[in-house]
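The values are calculated or read from the model by the stated rules, or taken from the named source; none is laboratory data. Computed from a prediction, not measured in an experiment: that's the story for all the values here. All Cβ positions, glycine included, derive from the backbone under ideal geometry; neighbour counts span all protein chains shown. Just the protein is used for accessible areas: all its heavy atoms, side chains included, with ligands, DNA and RNA removed. Shrake-Rupley method; radii C 1.70, N 1.55, O 1.52, S 1.80 Å.
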Amino acid sequence: MGNRLSKIATRVGDDGSTGLGDGSRVSKAGARIAAIGDVDELNSTLGVLLCETLPDEVRAALTRIQHDLFDLGGELCMPGQSVLRDAQVEQLDAWLEQYNATLPPLAEFILPGGARTAALAHVCRTVCRRAERSVVTLDTQEAVEPHARQYLNRLSDLLFVLSRVLNRAAGVTDVLWLNEHRR
């Protein structure tokens with residue numbers, strides 16, 4: 001990487017445009033930049049969750065996911081490139097199966113909350129869903145590799161499951177939704 005990031009403030013984007021990895025310039029208001037920004041925000045929210053005390057396995061998984069998301073941001077920054085692979089989506093599927101197997105079945109909807117770590121995982125999940133919507137929106141305008149959509153879809157499911165795992169690790173029960181019609 002060398003001195004690639006030696007100058008941060010270039011002022012080139014003052015006109016409302018930004019550069020992509022292929023050297024082209026696009027509007028900062030475009031769907032591609034929205035998708036890149038939402039993936040970046042997701043990575044940042046995962047960074048906040050990683051500041052908490054977490055089970056070692058969960059920490060390792062989330063750290064790996066942060067690297068995958070950085071790869072995804074790079075893929076979105078270079079139209080036509082494919083960086084994510086089947087193996088990365090399959091890893092999310094494996095974690096989903098592994099962690100979900102440790103949880104009791106859900107009989108009710110749950111609300112975001114419980115332990116602080118679980119609540120932060122829910123925030124990450126909702127940001128992930130927004131990133132997924134942004135990538136799907138971009139895909140209606142320009143082709144996006146299928147792994148990008150698949151990865152974000154699986155990741156939001158995993159973050160839901162991890163919120164439950166984190167509640168259990170903290171000795172806290174999930175917050176159940178109280179259906180008004182059954183009270």
Starting from the exponent 0.38 and prefactor 2.2 Å, build the expected Rg for the chain from its residue count and divide its actual Cα Rg by it. 1.15
Selected from G16, T63, V89, residue furthest toward positive end of dipole (the chain; charges at beta carbon): G16
Using a 1.4 Å probe, what is the accessible area per residue for the chain, in Å²? 57
What is the calculated FRET efficiency for T53 to D15, with r their C-beta to C-beta distance and R₀ = 30 Å, to the nearest 0.05? 0.10
Ignoring ligands, DNA and RNA, what percent of the 1.4 Å accessible area of the chain is carbon and sulfur? 53
Quick one: putting +1 on the C-beta of Lys and Arg, -1 on the C-beta of Asp and Glu, what dipole do you get for region 1-118 around its Cα centre, in Debye to the nearest 20? 600
Sorted by chain and number, the residues with a modelled amide H under 5 Å from that of I110, at a separation of 5 or more or across chains, are W177
Provide Rg and Dmax in Å for region 57-162, with only Cα atoms included in the calculation. 14.4, 43
Positive-end extreme of charge dipole, region 62-149 - chosen from V144, L76, N100 (charges on Cβ): N100
Value of [θ]222 nm, deg cm²/dmol, for the chain, DSSP H segments ≥ 4, -39500 (n - 2.57) each, nearest 500: -20000 deg cm²/dmol
Please list the equivalent ellipsoid semi-axes of region 17-101, computed as the square roots of five times the alpha-carbon gyration tensor eigenvalues, in descending order and whole angstrom. 28, 16, 9
